[in-house]
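Asker: Got a structure for you, questions after.
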Amino acid sequence: MSDPTIKGLPPPPVKYDGSDFRIAIVHARWNDAIIKALVQGTINKLKEQGVKQENIVVKSVPGSFELPFATKQLIEAGKVQSSNAAPSMIASTTNLLSLIDNSSSSQSTPKPSSSGGSSASTAPFDAVVSIGCLIKGSTMHFEYICDAVSHGLMKIQLDTGTPVIFGVLTALTDDQALERAGLGRGEKGKGHNHGEDWGLAAVELAAQNRDWVKGVL
Ligand SMILES: Nc1c(NC[C@H](O)[C@H](O)[C@H](O)CO)[nH]c(=O)[nH]c1=O
Ligand SMILES: CC(=O)[C@@H](O)COP(=O)(O)O
């Protein structure tokens with residue numbers, strides 16, 4: 001048996017501040033109990049690093065095969081939302097300018113437009129965590145999906161420049177999956193919830209990528 005102290009993710013070299021980040025989680029619903037634990041583990045770690053609840057967007061799809069498409073569409077939707085939000089910012093700036101202009105005249109002043117009261121970000125997503133749980137059955141279904149999903153998710157992050165965290169368990173048995181979701185029921189104990197690692201990875205990649213896109217190393 002391997003030494004349990006060797007394997008696994010050490011703490012990040014610096015403490016990252018996620019308070020300004022917008023993160024999407026997209027998860028498959030296949031193998032529901034495992035998925036729920038992984039999603040919760042991810043959310044717990046995102047929040048622990050300062051990501052605000054309202055800036056964590058959670059979406060679901062039926063199975064892991066759907067993850068690459070959904071991940072890509074979510075990244076694009078975040079970009080569209082952010083560019084749609086820009087005109088209203090210009091409009092409120094214009095309103096503010098006209099308030100200043102009109103302050104010395106007798107004309108009635110227009111009211112600045114309301115921001116809508118929500119503090120949720122409409123910025124592009126800083127990272128997406130794509131979560132699924134594939135468990136080997138009796139056909140080649142598992143192998144094809146594992147291969148397609150891992151390649152698909154890698155391609156998306158390289159094509160879009162948005163970090164995609166590979167939150168897909170590829171387990172040969174139910175017990176392997178349960179242990180990796182912190183739900184183990186065997187002699188090895190409950191195991192470690194890998195969702196926690198994915199939450200950490202999302203904030204770390206989001207923080208580093210914010211620097212990298214500005215040419216800061
Ligand atoms: N067997 C598993 C699946 N299969 C379903 C596919 O992912 C997909 O939804 C279907 O083929 C329709 O396109 N999905 C998992 O996430 N985990 C499995 O173990
Ligand atoms: C296509 C399917 O979802 C299913 O028949 C795959 O079977 P298995 O998981 O036993 O390989």
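The values are calculated or read from the model by the stated rules, or taken from the named source; none is laboratory data. Because the structure is a prediction, the values reported are computed rather than measured. Neighbour counts run over all protein chains shown; Cβ positions are idealised from the backbone, glycine included.
Asker: Exactly one of (1) surrounded by 15 or more Cβ atoms within 10 Å (Cβ to Cβ); (2) closer than 15 Å to residue 168 by Cβ; (3) of a type in the set (A, V, I, L, M, F, W, C) is unmet by residue 69. Its number?
Answerer: Checking residue 69 against (1) surrounded by 15 or more Cβ atoms within 10 Å (Cβ to Cβ); (2) closer than 15 Å to residue 168 by Cβ; (3) of a type in the set (A, V, I, L, M, F, W, C), the one that fails is (1).
Asker: For a quick check of your reading of the model, give me the residue pairs whose first member lies in region 170-192 and is of a type in the set (Val, Ile, Thr), whose second is outside any helix (DSSP H, G or I) and surrounded by 14 or more Cβ atoms within 10 Å (Cβ to Cβ), with beta-carbon atoms closer than 6 Å and at least 6 apart or on different chains.
Answerer: 170/134
Asker: Does residue 210 qualify as being within 15 Å of residue 39 (Cα to Cα) and either modelled with pLDDT under 95 or among the charged types (D, E, K, R) (or both)?
Answerer: Against the criterion (within 15 Å of residue 39 (Cα to Cα) and either modelled with pLDDT under 95 or among the charged types (D, E, K, R) (or both)), residue 210 does not qualify.
Asker: Something else about it: Exactly one condition in (1) of a type in the set (Lys, Arg); (2) under 22 Å from residue 77 (Cα atoms); (3) buried (at least 17 other Cβ atoms within 10 Å of the Cβ) is false for residue 155; which is it?
Answerer: (3)
Asker: Related question: For residue 65, which of the numbered conditions (1) out of contact with any helix residue (DSSP H, G or I) (no Cβ under 6 Å at 6 or more places or on another chain); (2) modelled with pLDDT of 95 or more; (3) part of a helix (DSSP H, G or I) fails to hold?
Answerer: Every condition holds for residue 65 apart from (1).
Asker: So, one more: Among the candidates 199, 195, single out the residue that is in contact with a Leu (Cβ under 7 Å, 6 or more places away or on another chain), touching a residue at least 12 places away in the same chain (Cβ under 8 Å) and within 19 Å of residue 15 (Cβ to Cβ).
Answerer: After ruling out the rest, the residue left standing is 199.
Listed here are the residues, each with its yes/no results for (1) modelled with pLDDT of 95 or more; (2) within 16 Å of ligand 2 (Cβ to nearest atom); (3) outside any loop (DSSP other than H, G, I, E, B).
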residue	(1), (2), (3)
96	no, no, yes
106	no, no, no
112	no, no, no
124	yes, no, no
130	yes, no, yes
152	yes, no, yes
156	yes, no, yes
